Amino acid sequence: MDKEYEVSKPIYMQIAEKIFRRIIRQEIKPGDKLPSVREMAIQAGVNPNTIQRTYMEMERMGIVETRRGQGTFVVERQEIVDELMQTMQKEIIGQFVKNMMELGLGKKEIVKSLEEYLERGEDK
Amino acid sequence: MTVQFSGATKRYGSEYALHDFSFRFDKGKIYGLLGPNGSGKSTALKMAAGLVYPSAGTVAVDGERVTRKICRKVAYLTELDMFYESFTVKQMVSFYRSQFPDFDPAKAQELLQDMGLPENKKMKQLSKGNRGRLKLVLALARNVPVILLDEPFSGLDALVRESIVNSLLNYINFHEQTVIIATHEIDELEPILDEVVAIRRGRFLDHQVVEALRENQGLSVAEWYKRTIREKGSEAV
């Protein structure tokens, strides 16, 4: 059971993002069937209503489609992997930049500190 | 099937266990009924189960004013531990079957297996965790529109709690069954709740939709609860 959802974000969105990451890593491929709402709810340890909302949101975003009587499938377009990659990157960077700016850092300082961090290696 | 409290009040002498409590629990949702010890959670559930009658106001299930007969529509898990000590798990299950025509023996069997409950053990041999699990089995094996759970986690360790949350997810008929869970242990339950209601000193404090709390206010249920009790709780004294 997955626990520890972030507080500030709706759970349905956090689960959608988990699924997006799995699509980006190719663990789930375009055209694949997703688990039923109930199965997914049990896997994620959340209310099925939440999963229903996750699936609805992903459908609205054009990532999945519901086929009548068959279930929910990732759309059969290879490009969505790249598109999701772009979207997720933008979001992660956006959050990072926002946090850095809250510390009072400017654009150049943010770039510099990121470069330094990457050069030093992740552990140091 | 809705559970409607309208000005429900319960007095014991000069003390109010529940004080002018009005709220409608809607069909097919899972509600957390939250409040500190002695806030009236148990009284509210007992009222909906027909075990306690209001001193004033009314409680109705599916439009029907609650009497003891409401147990046809309502499964109730008590916070107390009430088993016949010499019964085996199997006998306890058949006893329930004999009491409730809606009791689903196949579902009970599945639940027992899922929870790893030994059928031939006697009640007095069961650990506290297994007694907690058995109580849930007996409540969830009934095909009823309303399920009331009073402190299903109380005194149980993390593993048992997790198995209880899992069976709720597995066996509740979502969109059909209305589930009200009275608890003050929020963390495990939060991801499975649709909505939460806070009460204190017998009075209604607040009601929220869980995902909206996160989306609009960036609050978890636990944080909202603490805040509500702090801010609104003092007014209700």
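Values in this text are rule-based calculations from the coordinates and carry no lab data. All values reported here derive from a predicted model rather than from experimental measurement. Ideal geometry is used to build each Cβ from the backbone, glycine not excepted, and the neighbour counts take in all protein chains shown.
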In Å and on Cα atoms, what radius of gyration and Dmax does region B:72-152 show? 11.6, 33
Pick out, from B:T178, B:F21, B:M115, the residue whose Cα sits farthest towards the positive end of the charge dipole of the protein assembly as shown, with +1 on the Cβ of Lys and Arg and -1 on the Cβ of Asp and Glu. B:F21
Could you give the size of the charge dipole of region A:79-120 about its Cα centre, using +1 on the Cβ of each K and R and -1 on the Cβ of each D and E, expressed in debye and rounded to the nearest 20? 280 debye
Region B:37-88: chymotrypsin sites (Phe, Trp or Tyr not before Pro) in DSSP coil with no more than 16 other Cβ atoms inside 10 Å: B:Y84, B:F87
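Which GluC sites (Glu not before Pro) from region A:52-86 combine a DSSP loop assignment with at most 12 other Cβ atoms within 10 Å? Walk me through the intermediate numbers first.
Details: sites: A:E57, A:E59, A:E65, A:E76, A:E79, A:E83; in loops: A:E76.
Listed in order of number, the matching sites are A:E76.
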Treating each Cα of region A:79-120 as an identical point scatterer and ignoring solvent, apply the Debye formula and state log10 I(q)/I(0) at q = 0.17 Å⁻¹. -0.56
So what is the relative contact order for chain B, in percent, with contacts set as C-alpha pairs under 8 Å and at least six apart? 27 percent
Quick check on region B:59-160: of the DSSP beta bridges with both residues there, what percent are antiparallel, nearest 5%? 50 percent
May I ask which residue of A:S113, B:A60, B:I192 lies farthest towards the positive end of the charge dipole of the protein assembly as shown, with charges of +1 (Lys, Arg) and -1 (Asp, Glu) on Cβ and the Cα centre as origin? B:A60
Bin width 10 Å, origin at 0, all Cα-Cα pairs of region B:12-64: what percent of pairs per bin? 21, 57, 21, 2
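Two decimals is fine: what's Rg over Rh for chain B, C-alpha atoms, Kirkwood radius as Rh?
The Rg/Rh ratio comes out at 0.96.
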Could you tell me the distance between the Cα centroids of region B:177-237 and region A:29-102, to the nearest Å? 28 Å
Give me a single rounded figure for B:204-210: the average over its residues of other chain Cβ atoms within 10 Å of their Cβ. 1
Once all Cα-Cα distances of region B:37-117 are split into 10 Å bins that start at 0, what whole-number percent is in each one? 15, 38, 31, 15, 1
Chain A, Rg to Rh (Cα coordinates; Rh as Kirkwood inverse mean 1/r): 1.07
Taking the highest mean first, how do the peptides B:9-16, A:40-47 order by number of other beta carbon atoms within 10 angstrom per residue? A:40-47, B:9-16
What span do the alpha-carbon atoms of the protein assembly as shown cover on each of the three principal axes, reported in whole Å from largest to smallest? 71, 49, 41
Pick from B:E211, B:E223, B:E190: which is most flexible by mean-square fluctuation in a GNM of chain B where alpha carbon atoms under 10 Å apart are linked? B:E223
